[in-house]
Amino acid sequence: MIWNEEFETLPREALEALQLKRLKNLVERVYTAVPYYRKKMDEAGVKPADIKALADLRKLPFTTKEDLRLNYPFGLFAVPFEKVVRIHASSGTTGKPTVVGYTKNDIDAWAELMARTLSAGGAHAGDVVHNAYGYGLFTGGLGAHYGAERLGAAVIPISGGNSKRQIMLMQDFGSTVLMCTPSYALNLADVMKEMGVDPKSLKLRVGLFGAEPWSENMRQEIEARLNIKAIDIFGLSEVMGPGVASECIEEKHGLHVFEDYFIPEIVNPETFEPVPHGELGELVFTTLTKEAFPVIRYRTKDLSRIIDAPCSCGRTFHRMQRITGRTDDMLIIRGVNVFPSQIEHVLMSIEGVEPHYQIIVDRQASLDIMEVQVEVSETIFSDEIKVLEKLGRRIEREIKDLLGVSCKIKLVEPRTIQRSEGKAKRVIDNRKL
Amino acid sequence: MSDQPSALSKGLYCSVLAEAGINIRALSLAATTEFGILRLIVNDTEKAKQVLKEKGFTVGKTEVIGVEVADKPGGLAEILNVMKANSINVEYMYAFVQKSAGNAVIIFRFDELEKAIDALQKTGIKIMKGEEIYSI
């Protein structure tokens, strides 16, 4: 179902005209209201009047996380502080958090975009939305919440954690739509199994999963184990939160970027030159309507490509390929680029192997050593050590075949890899690079 | 269980089973570099499996064969010869001397269960019934 037929199916020319109008307005606003942006634009020799066509976007300087950090906490806000009605922030694990603000209109637009996201994923008014995204400074919880309310669904604002209770409430409240990170969805499937709860006895129909990269095999695993359709959704707090792009249930292939609100670009991660549609590169976003915290050409560090082929769902928005990794997640092991998602893909293609894994990288005598720890599940457990060893060797071989890099597989005791209720931490890099 | 000095001595398995009133008939330990595998023959398999799972252990149930042989030199060799003749591999085994009778009980895990039963029966070696093992 398309939530907003008028905008989501705009012919491309009309859409681009709207984008240009909004872009001009954005640049004007930002140049006037944010001294930091004005300075950057002046240094790059570009004035608001230079933006005459959409292609002129590339004249504008990029914005990076470093720019956000330098302006901590409110330096990039483009409205007087009295207009700000909500503040969110990143966890700040690598220093000061990234702070973002919203006006009343921004919150309203966000709810509209999340209603579109839910609709694209097959949810509708009357659904019971079990929202296990974290509430608080993280944008996931409240973003999904307002969208589900806008849709006309009943929201269970359960947030993350206490999985047994989550499952009890799913049973008792008849939850039909699950929203959480994909790794937490699998965690819930584990707990259901432990509790002896058959997912088929639940009313869950679809799940909208995001906030971390996940693989196609993981989708199949979630769909099989929870007996639902699993949809990939995308967003990031710097750009808004969830609701920037979403798969449609019709194709489940590529995420429609809500282009009337955001302009996506893909740039070469080394030269930062824009690349043609279809080519892999770093995803860059410009927010067209945001009032409190607009960003211009924000470099996400996420890797994707633009799919411009028409989609059977009828939306005219271009799609971005599901995130395959991040430029900063990419491990370089003995000169080869390795993404955790590729390892995950291999693990999940082996029957009986649990998706709980961790990658540990070390450097010994200037040689990179990659170890993948994989939990032994009940289905692959054997009291014959040679059976377990054989499995370990098989995983090793398949990873070597796919990546061209050898690694060591360490089968570990079940439930020893830390469970995540939010984003899973997949990589521990002990190299002092 | 984790491959740490404390894991067995903490008696996690044993106390869980004791509390459930389960008696351990035979036990053996195998270790990989990462974790230990504790194999147990108990008097109530289903209940043991259930209580261990409830405590969060990973539990698997495996079919084994109990064989009774005379407690004298050559008892084990007789069975192994039968296996050799039929190309059946022993994955692992437990052996213990029975208290009351003058027999020894050997419990085997073979790679080919059906074939092993067949071969043992043809040579007239006594395969024990489950109840006989549980009540040793």
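Structure summary
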| item | result |
| --- | --- |
| Stretch gain in nm, segment residue A:6-residue A:224, where the contour uses 0.36 nm per residue and the Cα spacing is subtracted | 75.0 nm |
| Per-selection Rg to Rh, region A:1-49 - Cα, Kirkwood hydrodynamic radius | 1.20 |
| Between region B:54-75 and region A:134-160, the alpha-carbon center distance in angstrom | 54 |
| Shielding score for A:385-393, defined as the mean number of other chain Cβ atoms within 10 Å | 2 |
| Computed label-point distance, nm, for sites residue A:371 and residue B:33 using a 7 Å Cα→Cβ extension | 0.8 |
| Distance cut-off 25 Å, percentage of C-alpha pairs in region A:269-426 lying past it | 47 |
| Long-range HN-HN contacts of residue A:262 with modeled amide H, under 5 Å | A:288 |
| Where a label projected 7 Å from the Cα of residue B:91 along Cα→Cβ would reach, residues of region B:50-64 with amide N under 12 Å | B:60-64 |
| Inter-site label distance for residue A:172 and residue A:83 at 7 Å from Cα along Cβ, in nm | 4.5 |
| Two-site label geometry, residue B:84 and residue A:107: point separation in nm, points 7 Å out along Cα→Cβ | 8.3 |
| Solvent accessible area, Å² - residue A:412, 1.4 Å probe, full protein context | 10 |
| Where N is the number of residues in region A:343-433, Cα Rg divided by 2.2 N^0.38 Å | 1.09 |
| Unpartnered cysteines - no second Cys beta carbon under 4.7 Å - across the protein assembly as shown | A:180, A:311, A:407, B:14 |
| Cα centroid separation - region A:395-412 against region A:246-282, whole Å | 31 |
| Probe 1.4 Å, all protein chains present, accessible-area order of A:379, A:324, largest first | A:379, A:324 |
| Cα-Cα separations in region A:302-343 greater than 15 Å, expressed as whole percent | 54 |
| Shape parameters for region B:85-131, alpha-carbon atoms, Rg then Dmax in Å | 11.7, 34 |
| Share antiparallel - DSSP beta bridges, chain A, percent rounded to 5 | 65 |
| GluC sites (Glu not before Pro) restricted to DSSP loop in region B:46-136 with at most 16 other C-beta within 10 Å | B:63, B:112 |
| Alpha-carbon centroids, region A:161-207 and region A:1-66: separation in whole Å | 42 |
| Fully extended contour minus Cα-Cα distance, from residue A:271 to residue A:396, at 0.36 nm per residue | 41.5 nm |
| Globularity ratio of region A:84-134, using Cα Rg and 2.2 N^0.38 Å | 1.46 |
| Positive minus negative residues near residue A:318 (Lys, Arg vs Asp, Glu; Cβ under 10 Å) | +1 |
| FRET E, pair residue A:416, residue B:63, Förster distance 35 Å, beta-carbon r, rounded to 0.05 | 0.80 |
| The protein assembly as shown: translational diffusion in µm²/s, Stokes-Einstein, Kirkwood Rh over Cα pairs, 37 °C, 0.692 mPa s | 121 |
| 17 Å cut-off, amide nitrogen to a point 7 angstrom out along residue B:45 Cα→Cβ, residues in region B:57-100 | B:59-68, B:91-94 |
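The values are calculated or read from the model by the stated rules, or taken from the named source; none is laboratory data. Keep in mind it's a predicted model, so treat the numbers as computed, not measured. Cβ coordinates were reconstructed from backbone atoms using ideal geometry, including for glycine residues, and neighbour counts include every protein chain displayed. The accessibility values were calculated without ligands, DNA or RNA, using every heavy atom of the protein model including side chains. Shrake-Rupley method; radii C 1.70, N 1.55, O 1.52, S 1.80 Å.
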